[in-house]
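The values are calculated or read from the model by the stated rules, or taken from the named source; none is laboratory data. For clarity, every value in this text was computed on a predicted model and none was experimentally measured. Cβ placement follows ideal geometry from the backbone for every residue including glycine, while neighbour counts extend to all protein chains displayed. With ligands, DNA and RNA removed, areas are computed over all heavy atoms of the protein, side chains included. Shrake-Rupley method; radii C 1.70, N 1.55, O 1.52, S 1.80 Å.
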Amino acid sequence: MKKIMLSTAALAVVFAGHAYAQSRDTIQIAGSSTVLPFASIVAEEFGNAFPDFKAPVVGSGGTGGGLKQFCEGVGENTIDIANASRAIKEDEIKTCTDNGVKDIREVRFGYDGIVFATSASQGDFALQPVHVFKAVAAEVPVDGKMVANPYKTWDQIDASLPKQEINVAIPGSNHGTREVFQEKVINAGCKEAGLPEMDKEAMKKACETFRQDVVVEIAGDYTETLARLQANPATVGVFGLSFYDQNKDKLKVATVNGVTPSLETVASGDYPVSRPLFFYVKGEHIGTIPGLAEYTEFFLSDGISGNGGTLETAGLIPQPDADRAAVLEAFKEGKTVGTN
């Protein structure tokens, strides 16, 4: 009897990772505010198309926040999918692995652009990365020396810009958008600004330290940034292209390096501030959380994320059909991050 009890206990441990799912029948998703509207649309469409499954529950929290939840472990109290507006990082993969999440399946489903927008009543902005850097940096070069940022209005940075008070709302550090903003706009602008010679660490600090008087970091989603613009119309906000497309009546978009952001200019690569969009599926939950594989395959179907699909109408820039097919095949084959 004692041996039987020990065997039963051992089996309970072995199958614990699958038994938990019996008590949850709804897919749980969290993460990127950029991906949120796309995932919400797919969740609703999935619920309509597959009545045997419940519509997934989609939350926000930013890319970093979503991946943190995703990597907490395997079980009914952990989410099944993390939405992300950047690729998962090595340290996040390690956290996942350390917590038993080893079957991480990366799903790239399209592209988005990052735009700068003001309230529709404001002036026209033709921005370059160096303009944005000089607006938000804590210190800027003047006469070959780094000084506390003296700029109060945009036209002081460049006479071609509006005589408008500098106020900028940027994504908080929990957002994937922030990382792309830093890499493709601020770091590029920092290089163009003509900083004096300094060591690598000092240069990194100069490029990444923002002033506190006119820069606001938004931890919430884009609706919070929009509210900031509505409270102070002089604010320039950083948004995803898809959010801007849905709010054109309230917002006016800036050009970057002379290119107006649009589905066409992002897809062609002409618009310089764009990025791929992802979601990550917890492979350990496939087969236990009802509909998880079906949701992913539905998301990657022609009618949803393909050219002319539902998500393109909502502002997604679709990836080529061959690329989408390759992503789907990798998912079905069970390829994990680092192997596909």
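So here's what we get for this one:
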{"item": "Lys/Arg +1, Asp/Glu -1 at C-beta; segment 207-340 dipole; positive extreme among T235, L251, F279", "result": "T235"}
{"item": "Centre separation in Å (Cα based) which lies between segment 225-281 and segment 79-95", "result": "24"}
{"item": "Computed label-point distance, nm, for sites D91 and E76 using a 7 Å Cα→Cβ extension", "result": "3.4"}
{"item": "Average accessible area per residue (Å²) across segment 141-242 - probe 1.4 Å, nucleic acids and ligands excluded", "result": "50"}
{"item": "Amide H contacts under 5 Å for F125, placed H, 5+ residues apart", "result": "T255"}
{"item": "Selection from Q128, G189, A322 lying farthest towards where the dipole of the chain points positive, charges on Cβ", "result": "G189"}
{"item": "For the chain, calculated [θ]222 nm from helices alone, where every DSSP H run of n ≥ 4 adds -39500 (n - 2.57)", "result": "-10500 deg cm²/dmol"}
{"item": "Dipole in debye (nearest 20) - the chain, about Cα centre, beta carbon charges: Lys, Arg +1; Asp, Glu -1", "result": "680"}
{"item": "Fully extended contour minus Cα-Cα distance, from M203 to F50, at 0.36 nm per residue", "result": "49.8 nm"}
{"item": "Karplus 3J(HN,Hα) series, Hz, for segment 186-198 with 6.51 cos²θ - 1.76 cosθ + 1.60 (x for Gly, Pro)", "result": "5, 5, 5, x, 4, 5, 6, 6, x, 5, x, 4, 7"}
{"item": "Paramagnetic label zone (point 7 Å from Cα along Cα-to-C-beta, M146; backbone N under 19 Å) in segment 204-239", "result": "204-215"}
{"item": "DSSP H segments from the chain that extend 15 Å or more along their own axis, Cα-based, with Kyte-Doolittle mean of 0.0 or above", "result": "2-19, 36-49"}
{"item": "Sites matching GluC sites (Glu not before Pro) across segment 174-207 that sit in DSSP coil, with at most 10 neighbouring C-beta atoms within 10 Å", "result": "E197"}
{"item": "Restraint check, K102/K332; K163/K184; K191/K252; K152/K250; K134/K248; K134/K163, Cα-Cα greater than 21 Å", "result": "K163/K184; K191/K252; K152/K250; K134/K248"}
{"item": "Selection from A55, V42, I88, by position along the positive dipole direction of segment 41-88 (Cβ)", "result": "I88"}
{"item": "Computed P(r) (all Cα pairs; the chain; 10 Å bins; percent)", "result": "5, 24, 29, 21, 13, 5, 2, 1, 0"}
{"item": "Carbon/sulfur fraction of accessible area - the chain, other protein chains in place, 1.4 Å, %", "result": "52"}
{"item": "Segment 132-212, dipole about Cα centre (Lys/Arg Cβ +1, Asp/Glu Cβ -1), debye to the nearest 20", "result": "140"}
